[in-house]
1. Kindly indicate which of 337, 355 is of a type in the set (A, V, I, L, M, F, W, C), assigned to a helix (DSSP H, G or I), touching a residue at least 12 places away in the same chain (Cβ under 8 Å) and open to solvent by 20 Å² or more (accessible area, probe 1.4 Å).
2. Which number in (1) open to solvent by 100 Å² or more (accessible area, probe 1.4 Å); (2) modelled with pLDDT of 90 or more marks the one condition that residue 193 misses?
3. Could you say which residue among 291, 295, 314 is closer than 21 Å to residue 385 by Cβ and among the basic types (Lys, Arg)?
4. Would you please list the contacts, defined by Cβ atoms under 7 Å and residues six or more apart or on different chains, that run from a residue in the stretch 360-389 that is touching a residue at least 24 places away in the same chain (Cβ under 8 Å) to a residue that is part of a helix (DSSP H, G or I) and hydroxyl-bearing (Ser, Thr, Tyr)?
5. If you check 399, 383, which single one turns out to be under 22 Å from residue 343 (Cα atoms) and modelled with pLDDT under 95?
6. Kindly establish whether residue 270 is acidic (Asp, Glu) and in contact with a Phe, Trp or Tyr (Cβ under 6 Å, 6 or more places away or on another chain).
7. For the stretch 169-182, state whether one or more residues are among the β-branched types (Val, Ile, Thr), assigned to a helix (DSSP H, G or I), free of Cβ contacts under 8 Å to residues at least 24 places away in the same chain and under 30 Å from residue 237 (Cα atoms).
8. Is it fair to say residue 281 is open to solvent by 40 Å² or more (accessible area, probe 1.4 Å) and either more than 24 Å from residue 305 (Cα to Cα) or assigned to a helix (DSSP H, G or I) (or both)?
Amino acid sequence: MDDRRGRGTQSSRVCVFGLLLSSSAVGCMSMPQTMSCPRGQQRHDGQCVPTSSLVFERCLESFRKTGETREQGVDTEISAQVRGQGGTLRRERKDTQKAEYDGLPEQMMSDAIVECRRQEQQQRTMEVERAWAAAEEANAQAHDAVARARAAERAQRRAEEAVARQEQANLSLVEQLEVATTALADRSEALEQQRTLLVERHPCTAQAWDGCGEQALEAKRAGDYVRAHAMYRQSCEGGSVESCGNWGVMYEHGLGTDVDLFEARRLYEEACDEGSGHACTNLGLLYEEGRGVGRDPDEAAEHYAIACDAGQMRGCGRLGRLVGSGLLEPEGHPPAVQLLTMACDGDYPRACLWVGDREILGLDEARSPEQAAHHFRHACERDVPQACLKLGQLHELGDGVSEDPGQAGQLYRQACEAGEPRGCAAAERLSRYGESELNTESIGAAPPHTGY
């Protein structure tokens, strides 16, 4: 086997085993095996040679079919140009005749192949250089991409660290806020306690005007009229309508100042217009008695009605007494007994005295000393000395209640101690004449209704 065949083909022995009838036959034969060429080569004449490129083929084609021949002394120059690459072949001519070139002589084929291989190699070198340049550019881009990716990764890591720090800061802020909220709540509670204490002790300083008015009332009851006036001024000017009305009482009765009915009326009107039933009642009393203003029962009744509608039982009682006096037209107001009973049940005890008077005299229905005794007792127990006196008279005479001079004397003394002079006189009379003489004088005598 020659060297060329050895490089191009390999032989192998193939053995066939089989059964023919009853005998065995064994046969072997050699078969040639074609080898494939490496990448970039092709088989030519049993050998692997580099694959001709398009540049090489076009170059040979150019030398074969195109060319330019001109007389240059004894030389002939043949040139070929392929894709911007040129080559020139020269050959010596034996004659000096000018001849038209129409092909490539065989003796110049090897030179043409060498030239075309040179052009092919040059093209491949350029392509390799371009490939390397492209690879380097791609590699640079890849490096840039990797650098950008790493930068992005670092940025993301920094962002994550920043988020973690922010979350930690937020947690710290939340904790600080909770501590501050707790401290603020404690502070608010302490301030509220201090304000409560301030309102209790110094309501005028705390601008708690109703409380300031209550302290002014306490000062008035204690006889500290200068302090009461100062506090009433503050609370009234601060917006406490009840304080304005109570301040008017001090001017009406000359407490800590001269009697000034004009100022009292002004304060009563201001407080009444702002909804103070107490002030409306006081203003109505000025009109009823004609003090500081002309006497006007209708004007008095109007202010009493306003106070009564506002739930001020004193106003209801005063209106009932005024209606019962006959000074008003009865059609424009509820019956006197209805107003007085409502005021008595509404804890205005003087109305109990007045309704008891009407029941003793039978002004509304039949005379009822039993019911009158009930109302007198209710008023007496609530510090109305006139009611104690009248209940004592009923017990002294046995009118509607049991006859009991001892109980009568006790009630007279109670009225006396509360400032009712008639109670003092009645108690002295009982103690001087004795029980038996009193009973003898009282036999057949009519009940002492005078003064009811």
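The values are calculated or read from the model by the stated rules, or taken from the named source; none is laboratory data. Everything numeric here is computed off the predicted structure, so don't read it as measured data. Quick reminder, even Gly has a Cβ in these numbers, built from the backbone with ideal geometry, and neighbours come from all protein chains shown. We work out accessible area using only protein heavy atoms, side chains counted, and drop any ligands, DNA or RNA first. Shrake-Rupley method; radii C 1.70, N 1.55, O 1.52, S 1.80 Å.
1. Of 337, 355, the one residue that is of a type in the set (A, V, I, L, M, F, W, C), assigned to a helix (DSSP H, G or I), touching a residue at least 12 places away in the same chain (Cβ under 8 Å) and open to solvent by 20 Å² or more (accessible area, probe 1.4 Å) is 337.
2. (2)
3. 314
4. Within 7 Å, the pairs are 389/412.
5. Just one listed residue meets the conditions, 383.
6. No, not satisfied.
7. Of the stretch 169-182, the ones among the β-branched types (Val, Ile, Thr) are 174, 179, 181-182.
Subset that is assigned to a helix (DSSP H, G or I): 174, 179, 181-182.
With free of Cβ contacts under 8 Å to residues at least 24 places away in the same chain added as a condition, the list becomes 174, 179, 181-182.
Then drop every residue that is not under 30 Å from residue 237 (Cα atoms), which leaves none.
No: the stretch 169-182 contains no residue that is among the β-branched types (Val, Ile, Thr), assigned to a helix (DSSP H, G or I), free of Cβ contacts under 8 Å to residues at least 24 places away in the same chain and under 30 Å from residue 237 (Cα atoms).
8. no
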